[in-house]
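Notes for the one structure printed next.
Bear in mind these aren't lab numbers, they're just calculated from the coordinates by the rules spelled out. Note that the coordinates shown come from a computational prediction; the quantities given were computed from them, not determined experimentally. Here Cβ is always computed from backbone atoms with ideal geometry, including for glycine, and neighbour counts include all displayed protein chains.
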Amino acid sequence: MLNGLFHGLSWIGLAISNHSKVMYHVVLAERKLTSYVYAVGKQPASNL
């Protein structure tokens with residue numbers, strides 16, 4: 001009984017850590033996109 005409980009808890013912990021890794025990469029991608037759009041927006045239109 002306890003063994004199954006520990007297995008369930010470790011699986012939940014694994015799912016949470018995987019989710020936070022995914023969220024971390026999503027936030028990083030959003031930051032890169034935002035800074036890219038900002039840099040392009042600051043350039044004169046003649047450069048595009």
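Based on DSSP H segments of at least four residues, each scored -39500 (n - 2.57), the chain has a per-residue ellipticity at 222 nm of -31500 deg cm²/dmol.
The distance between label points at residue 38 and residue 12 comes to 3.9 nm (points 7 Å beyond Cα on the Cα→Cβ vector). Relative to the longest principal axis of the Cα atoms of the chain, helix 2-42 runs at roughly 0 degrees. Shape of the chain from its Cα gyration tensor (a ≥ b ≥ c, root eigenvalues): rounded if a/c is under 1.5, otherwise prolate when a/b > b/c, or oblate? Prolate, since a/c reaches 1.5 and a/b exceeds b/c.
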